[in-house]
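Reviewing the structure listed below.
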Amino acid sequence: MPNQIRPQPGIMDIALYQGGTSKIAGRDDVVKLSSNENPFGAGELARTAYQRAGLDLHRYPSTDHASLRAAIAAHHGLDAERIICGAGSDEIITFLCQGYAGPGDEVLYSQHGFLMYPISAMAAGATPVKAPERERTTDVDALLAAATERTKLVFVANPNNPTGTMVPVSELERLADNLPPQTLLVLDGAYAEYVDGYDGGAALVDSRENVVMTRTFSKLYGLGGLRIGWGYGPAHVLQVLNRLRGPFNLSNTQLDVAEAALGDAAHISRSLTENARLRDWLAERLNACGVATDTSFANFVLARFASAEQAEACNAALLADGLIVRQVSSYGLPEALRITVGDESACRRVAHVIAGFMEGQG
């Protein structure tokens, strides 16, 4: 009898997400700059908490994440009752699509937005819709023009990945206030900590019933390997998301290490200071040798070349020197390379290789 087992419609149309490459065959001096990881890793307090967590591997974690939610609330000045924790902010994005979008619905995002938005939308049976950007920056007018009676979610990463650009809070307010009444605005703040004075959208959440914020411990806190994220939203949204969340979706290790990381002021300060310094330095060096970059508000720069072929050739030159960056053709930017801001040695190597490559192009 032929196989009649079939997945839900749309599942097999999903293009698999490809993470940043981390290895080069035959080399042991590789520097990975493809996943926007903190070059200093996790802080000392987080590493200590990780070691201690090994003593309780036989214990189930709490189901309500109360201690971590309280720590997040205290650190950011939020209401702990309206915080939800997940396996990276990706899981919160999945919950939102599961809870609010399905067949016949649309999930709207900007042209070069994070790939998990369309993936999660399609997994829920909804239709992803892209709105054009303006010079690789989220265009609020374009999003509003694309919103229809079928639009249930709008995702805006601010700063955006992979462009590093961002829009002011006043534009986010205008977007929230003019969306259709059935639409929820999701502000993805994975890189919000890198913007001085920016709350990631928390004030918008507190002042409106149609805005949710997502955040992560993967970037600034250096905990990408543990997969810890969180969301903050109106009470009516949390009532939905908590019904979708598995009771033990985070382990004791994840909960304890994330809480410790929040309190490591020295590590946070060093990471932010060095990122800002080296990001500006790297952008200046790239611009000086003829490689354009937009002003980045994150922990990476988007290097733009004259063509997709030139970007591909430069990527090959970087790989030959043991440097792995991210090609972003899947984001609609084949002429660009996304380069994580590493430590000083890594940034100098990148600048040296790209300068040499561009000199050879002349």
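A few remarks follow.
- Count of residues meeting criterion [within 20 Å of the chain's Cα centre (by Cα) and over 28 Å from Leu220 (Cβ atoms)] in segment 132-165: 1
- Looking across segment 320-362, the residues that are surrounded by 15 or more Cβ atoms within 10 Å (Cβ to Cβ), within 21 Å of Thr165 (Cα to Cα) and either free of Cβ contacts under 8 Å to residues at least 60 places away in the same chain or of a type in the set (Lys, Arg) (or both) come down to Arg326, Gln327, Pro334, Glu335, Leu337, Arg338.
- Taken as a whole, the structure places Glu133 among residues that are over 17 Å from Leu184 (Cα atoms) and either outside any strand (DSSP E or B) or in contact with a Gly (Cβ under 7 Å, 6 or more places away or on another chain) (or both).
- Candidates Asp280, Asp256, filtered to the one that is of a type in the set (Asp, Glu) and free of Cβ contacts under 8 Å to residues at least 24 places away in the same chain: Asp280
- Condition check for Arg69: basic (Lys, Arg) and closer than 17 Å to Thr216 by Cα: yes
- Scanning segment 77-97 for residues that are of a type outside the set (D, E, K, R), over 22 Å from Thr253 (Cβ atoms) and surrounded by 18 or more Cβ atoms within 10 Å (Cβ to Cβ) yields Leu78, Ile93, Leu96, Cys97.
- Top-ranked residue of segment 235-292 - restricted to ones that are closer than 30 Å to Asp64 by Cβ and of a type in the set (D, E, K, R), ranked as surrounded by the fewest Cβ atoms within 10 Å (Cβ to Cβ): Arg243
- Scanning segment 116-163 for residues that are in contact (Cβ under 8 Å) with a residue 60 or more places away in the chain and surrounded by fewer than 18 Cβ atoms within 10 Å (Cβ to Cβ) gives Ala123, Gly125, Glu135.
- Residue match in segment 194-203 (condition: part of a strand (DSSP E or B) and either surrounded by fewer than 20 Cβ atoms within 10 Å (Cβ to Cβ) or in contact (Cβ under 8 Å) with a residue 40 or more places away in the chain (or both)): no
- Meets criteria (of a type in the set (Gly, Ala, Ser) and over 23 Å from the mean Cα position of the chain (by Cα)) for Ala355: yes
- Among the residues listed as Leu278, Leu172, the single one being hydrophobic (A, V, I, L, M, F, W, C) and either in the same structural domain as Val140 (by TED's automatic domain parsing) or under 17 Å from the mean Cα position of the chain (by Cα) (or both): Leu172
- Residue that is nearest to Arg279 (Cα to Cα) [pool: residues in segment 33-52 that are surrounded by fewer than 20 Cβ atoms within 10 Å (Cβ to Cβ) and not hydroxyl-bearing (Ser, Thr, Tyr)]: Phe40
- Annotation for segment 3-11: no member residue is out of contact with any His (no Cβ under 6 Å at 6 or more places or on another chain), under 30 Å from Gln254 (Cα atoms) and either loosely packed, with under 10 Cβ neighbours inside 10 Å or of a type in the set (S, T, N, Q) (or both).
- One residue from Ala258, Ala320, Ala311, Ala292 being out of contact with any strand residue (DSSP E or B) (no Cβ under 6 Å at 6 or more places or on another chain) and more than 18 Å from Val31 (Cα to Cα): Ala258
- Condition check for Leu185: within 18 Å of the chain's Cα centre (by Cα) and either at pLDDT 95 or above or outside any helix (DSSP H, G or I) (or both): yes
- When residues of segment 115-129 are limited to those that are touching a Pro at 6+ places or on another chain (Cβ under 8 Å) and not hydroxyl-bearing (Ser, Thr, Tyr), the one nearest to Pro162 (Cα to Cα): Pro118
- Against the list (1) surrounded by 15 or more Cβ atoms within 10 Å (Cβ to Cβ); (2) under 28 Å from Ser218 (Cα atoms); (3) among the hydrophobic types (A, V, I, L, M, F, W, C), the condition Ala317 fails is (2).
The values are calculated or read from the model by the stated rules, or taken from the named source; none is laboratory data. Predicted, not measured: the structure shown is a model, and the values here were computed from it. Note: ideal-geometry Cβ built from the backbone for every residue, glycine included; neighbour counts use all protein chains shown.
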